[in-house]
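Notes follow once the structure below has been shown.
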Amino acid sequence: MRGKRVRPTVIIAVTILAMALIWGCQKKAEEINLDAEAATTQDVPMPKVPTTIKIPDDVAGKWKAVVLEITDKDNSDKTDITVNIDDTVPLGATGFKVYVEAFLPSFTMSGDVFTSSSADLNNPAAKVTITDDKGTELFNSWLFALYPATHPFQHDKYSVVLKDYVAAK
């Protein structure tokens, strides 16, 4: 039995068709890439990051201090320290200092403001700054009592979490 012979014109036609398909796919990919690039260079409004802390009247003066728990990761020793709001103190035996800027019992973000939606302890958070012995800032963010893994203090030797809060008398 003899195989059929393919004519050169058929081979040329198939080759041209394949090249056209490949070229068309490449053109479409280029158009998609151009559209994606154009989308990233357009003026897309970025969400505002809150920059202001507003303590509502029903929260102001209700809280005096926060309790931070420091854990030494090497030996799992835990130490609690109480820090008054708007005060700076040594952070236990770490050699660090901590400043507690604010406490919000029901932390929320609204527009460009950090605030508290109520005076109830629905989402307690403390704004803290931790510095080393040279004054270098190691952490400047919120610690959340109910969600300690959200924006945690990152350090090789120590962890710091918001453990409790002290009401004003």
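The values are calculated or read from the model by the stated rules, or taken from the named source; none is laboratory data. As the structure is a prediction and not an experimental result, all values here were calculated from the model. We place every Cβ from the backbone using ideal geometry, glycine too, and count neighbours over all the protein chains shown. Side chains included, ligands, DNA and RNA excluded: accessible areas come from the protein's heavy atoms. Shrake-Rupley method; radii C 1.70, N 1.55, O 1.52, S 1.80 Å.
At a glance:
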read-out: Hits in the stretch 115-149 (condition: open to solvent by 60 Å² or more (accessible area, probe 1.4 Å), in a loop (DSSP other than H, G, I, E, B) and either closer than 22 Å to ASP77 by Cα or of a type in the set (D, E, K, R) (or both)); value: ASP120, ASP133, LYS134, LEU146, TYR147, PRO148, ALA149
read-out: Candidate set: the stretch 58-87, residues that are within 15 Å of LEU104 (Cα to Cα) and free of Cβ contacts under 8 Å to residues at least 60 places away in the same chain; chosen: the one least open to solvent (accessible area, probe 1.4 Å); value: VAL83
read-out: Boolean, ASP112 is of a type in the set (Asp, Glu) and loosely packed, with under 14 Cβ neighbours inside 10 Å; value: yes
read-out: Selection count, the stretch 94-109, where residues are open to solvent by less than 20 Å² (accessible area, probe 1.4 Å) and without any contact (Cβ under 8 Å) to a residue 60 or more places away in the chain; value: 4
read-out: Residues located in the stretch 150-164, provided they are touching a strand residue (DSSP E or B) at 6+ places or on another chain (Cβ under 9 Å) and either open to solvent by 50 Å² or more (accessible area, probe 1.4 Å) or part of a loop (DSSP other than H, G, I, E, B) (or both); value: THR150, HIS151, PRO152, PHE153, GLN154, HIS155, LYS157, LYS163, ASP164
